[in-house]
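Visitor: Quick one: structure below, then a few questions.
The values are calculated or read from the model by the stated rules, or taken from the named source; none is laboratory data. It should be emphasised that the depicted structure is a prediction, and the values quoted were computed from it without experimental measurement. Don't worry about glycine lacking a Cβ; one is built from the backbone with ideal geometry, like all the others, and counts go over all protein chains shown.
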Amino acid sequence: MNKNILIIPGDGIGQEVTTWGKQALEAVARKYGHVFSFDEAIMGHTAIEATGNPLPDETLEKAKASDAILFGAIGHAKYDNDPSAKVRPEQGLLKIRKELGLYANLRPILLFDELLEASSLKPEVLRGTDILFFRELTGDVYFGEKTRSDDNTFASDLMNYHRYEVERIARKAYEAARTRNKKLCSVDKANVLETSRLWRDVVQEIAREYPDVETEHMFIDNAAMQLVKNPKKFDVVLTANLFGDILTDEASQIAGSMGMLASASIGDGTGFFEPIHGSAHDIAGQNKANPLASILSAALMLDIAFGLQEEAKAVTQAVADTLKAGWRTGDIANANTSATHILGTNEMGAKVLEYLR
Ligand code: IPM
Ligand code: MN
C-alpha cells in the first residue's frame with residue numbers, strides 16, 4: 001500500500017513524541033511491505049513564531065493533499081496567562097479541524113492490565129473497562145460567535161448545534177456500538193441547555209434506526225461521577241465538543257495517564273490522528289514525555305485511515321509487550337517500578353520498536 005502521511009509535530013513535547021509515532025509507521029511499512037512517504041508541516045506556537053499564523057496556508061494545503069495526518073500537541077504557557085492575546089496556538093488546531101471537516105473525534109479508553117496500578121483509582125474498579133468516546137469536534141461553544149465588550153465587563157461564547165451535526169456523529173457512534181457491546185450512552189445537559197434538548201431529540205430519533213443497540217441518556221454532571229464510580233458500565237459514549245473534551249481528560253486516569261491516550265479525528269476527508277494530551281511545556285525537550293499515545297495514534301491511523309487492521313494490532317501488541325516487560329515512562333511508573341525500568345521518551349520508543357520488529 002502507498003500512502004502519503006503528513007507529520008505536524010506542533011508545540012512542546014509534540015516533536016519528541018511524533019518522532020516515535022512516525023518510526024512506528026516506518027517499522028510497519030518495512031515489516032509489511034508498504035510504502036509510506038512522509039512530509040512535515042508547522043502549526044501552533046511554532047507556526048506563530050515562524051509566520052505569525054497558527055495555521056499557515058502551506059500547512060493546510062499539505063494536510064488536504066495527504067492521506068492521513070499524525071499530529072503531536074499544541075499550546076504554549078505564554079498564552080495561558082495572557083487572555084488578551086488575539087493570535088493563539090489553539091486557533092491552528094481548531095481551524096484545521098473545521099477545514100478538514102473532522103467532526104468525529106474517537107477517543108478509545110484503552111486499558112492495559114499492566115497499568116492497573118498506575119491509576120489513582122482502585123484496580124477492581126478499573127479492570128475490564130473498555131470505553132470508546134465519540135466527541136463531536138467541529139461545533140458547540142468551541143465555534144459559536146465570541147464577543148467581549150470594549151470596556152471589558154462582558155463576554156459571551158455562543159453554544160449552538162444544527163440537527164445535521166448531531167445526526168452525523170450519532171450515526172458514527174451507533175455504527176461503532178454495533179461492532180462492540182451494543183450499548184451507547186449519550187451525554188448532555190438537557191435539563192438546562194436548549195442545545196442539549198435538540199441533541200437528545202436527534203439521538204432518540206437515530207436510536208430508532210439501531211434497535212439492536214441499547215441507548216441510555218445521561219446528564220454530564222452524573223456522567224462525570226459515574227465514570228470514576230463504575231467505568232465498566234460504559235461502552236460507547238456519545239457527547240458534544242466541550243463535554244467530550246472534559247470527560248476524556250477525566251477518563252484518561254482510567255488508563256493511567258494522559259500519556260497513554262490516542263485519538264482519531266475523522267469526517268469527510270483526510271483523517272487526523274493525535275494524542276489527547278497537551279504540549280506539556282514543563283517537560284518539553286527533557287526526554288521525559290510518554291511516546292505511547294503518539295505510537296497508539298499511529299496504530300489508529302493504520303486501522304481507521306488505511307484499513308490495515310493486522311498492522312494496527314501489531315503496533316498495539318508491541319506497546320502491550322513493552323508494558324508487560326515492565327518498561328515505564330515516569331508518568332506511568334509507580335512505587336513498585338524499579339528505577340532501572342523507568343525510561344525516557346527515546347528509550348521507551350526504541351523498546352516498542354524492538355517488540356514491533
Ligand atoms: C484536545 C485539546 C484541544 C481541545 C485544545 C488544545 C484546543 O484540549 O484536543 O482535547 O480543547 O479540543
Ligand atoms: Mn482536551
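Visitor: Quick check on the range 116-129. Is at least one of its residues touching a strand residue (DSSP E or B) at 6+ places or on another chain (Cβ under 8 Å) and within 15 Å of ligand 1 (Cβ to nearest atom)?
Guide: No, the range 116-129 contains no residue that is touching a strand residue (DSSP E or B) at 6+ places or on another chain (Cβ under 8 Å) and within 15 Å of ligand 1 (Cβ to nearest atom).
Visitor: Identify, by number, the condition in (1) modelled with pLDDT of 95 or more; (2) more than 28 Å from residue 288 (Cβ to Cβ) that residue 86 doesn't meet.
Guide: (1)
Visitor: Looking only at residues in the range 238-269 that are surrounded by 23 or more Cβ atoms within 10 Å (Cβ to Cβ) and farther than 19 Å from residue 176 by Cβ, which one is farthest from the chain's Cα centre (by Cα)?
Guide: Within the range 238-269, the match that is farthest from the chain's Cα centre (by Cα) is 256.
One line per residue, one yes/no per condition, for (1) within 14 Å of ligand 1 (Cβ to nearest atom); (2) outside the structural domain of residue 184 (by TED's automatic domain parsing); (3) at pLDDT 95 or above; (4) aliphatic (A, V, I, L, M):
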| residue | (1), (2), (3), (4) |
| --- | --- |
| 207 | no, no, yes, yes |
| 216 | no, no, yes, no |
| 229 | no, no, yes, no |
| 244 | yes, no, yes, no |
| 296 | no, yes, yes, yes |
| 302 | no, yes, yes, yes |
| 309 | no, yes, yes, no |
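Visitor: Could you tell me whether the range 182-189 includes any residue that is over 29 Å from residue 116 (Cβ atoms) and either surrounded by 19 or more Cβ atoms within 10 Å (Cβ to Cβ) or more than 16 Å from ligand 1 (Cβ to nearest atom) (or both)?
Guide: Taking every residue of the range 182-189 in turn, at least one turns out to be over 29 Å from residue 116 (Cβ atoms) and either surrounded by 19 or more Cβ atoms within 10 Å (Cβ to Cβ) or more than 16 Å from ligand 1 (Cβ to nearest atom) (or both).
Visitor: Right, something else. Looking at 10, 72, 14, which one is at positive phi, within 16 Å of ligand 1 (Cβ to nearest atom) and surrounded by 16 or more Cβ atoms within 10 Å (Cβ to Cβ)?
Guide: Only one candidate passes the filter, namely 10.
Visitor: Would you mind stating whether residue 265 is touching a Leu at 6+ places or on another chain (Cβ under 6 Å) and either charged (D, E, K, R) or under 22 Å from residue 70 (Cα atoms) (or both)? Before the answer, list the steps.
Guide: Numbers: touching a Leu at 6+ places or on another chain (Cβ under 6 Å): yes; either charged (D, E, K, R) or under 22 Å from residue 70 (Cα atoms) (or both): yes.
Yes.
Visitor: For the range 158-170, does any single residue satisfy the condition of being assigned by TED's automatic domain parsing to the domain that holds residue 250, touching a Ser or Thr at 6+ places or on another chain (Cβ under 9 Å), surrounded by fewer than 21 Cβ atoms within 10 Å (Cβ to Cβ) and without any contact (Cβ under 8 Å) to a residue 24 or more places away in the chain?
Guide: Yes - at least one qualifying residue is present in the range 158-170.
Visitor: Does residue 66 satisfy being away from ligand 1 (no atom under 16 Å from the Cβ), more than 25 Å from residue 138 (Cα to Cα) and touching a strand residue (DSSP E or B) at 6+ places or on another chain (Cβ under 6 Å)?
Guide: no
Visitor: List the helices (runs of 4 or more DSSP H) that sit entirely inside the range 16-86 and contain at least 1 residues that are more than 21 Å from the chain's Cα centre (by Cα) and among the aliphatic types (A, V, I, L, M). Spell out the reasoning first.
Guide: On the way: elements: 45-51, 57-65, 77-80.
The helices (runs of 4 or more DSSP H) meeting that bar are 45-51, 57-65.
Visitor: Here's something else I'd like to know. Name the pairs: first residue in the range 14-35 and in contact (Cβ under 8 Å) with a residue 12 or more places away in the chain, second residue surrounded by 21 or more Cβ atoms within 10 Å (Cβ to Cβ) and charged (D, E, K, R), Cβ to Cβ under 7 Å, at least 6 apart or on different chains?
Guide: If the second residue must be surrounded by 21 or more Cβ atoms within 10 Å (Cβ to Cβ) and charged (D, E, K, R), the pairs left are 28/311; 32/311.
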